[in-house]
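The values are calculated or read from the model by the stated rules, or taken from the named source; none is laboratory data. Here the structure is a predicted model, which means the values were calculated and not measured. Here the Cβ is made from the backbone with ideal geometry for all residues, glycine too, and neighbour counts use every protein chain on show. Just the protein is used for accessible areas: all its heavy atoms, side chains included, with ligands, DNA and RNA removed. Shrake-Rupley method; radii C 1.70, N 1.55, O 1.52, S 1.80 Å.
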Amino acid sequence: MPEIVTQGTDHPLTTVKLQTGEKVALCRCFASKNFPFCDGSHKDHPGKGPAVVEAVASAGSDD
């Protein structure tokens, strides 16, 4: 499960930490009720699909 840390209030910074093999869809339309994750709200905003991010093991990693 991704670890989510949000800091600040005026301009919040959200950090999502993934384990190797985890994949998430991050919202880019800012309409998601589950922000920073995509909930499909972009369907009402053409051209604003999610950013899909997957954590992969780095070269030489034991993960």
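Here are some notes:
- Point-charge dipole on Cβ atoms (K/R +1, D/E -1) for the chain, about Cα centre, debye to 20: 320 debye
- Share of carbon and sulfur in the accessible heavy-atom surface of the chain [1.4 Å probe, %]: 51 percent
- Per residue solvent-accessible surface (Å²) - the chain, probe of 1.4 Å: 78 Å²
- Cα-derived Rg to Rh of the chain, Kirkwood definition: 1.05
- Calculated FRET value between residue 52 and residue 6, using beta carbons and R₀ = 30 Å, to 0.05: 0.90
- Label-point gap, in nm, between residue 20 and residue 43 - each point 7 angstrom along Cα→Cβ: 3.6 nm
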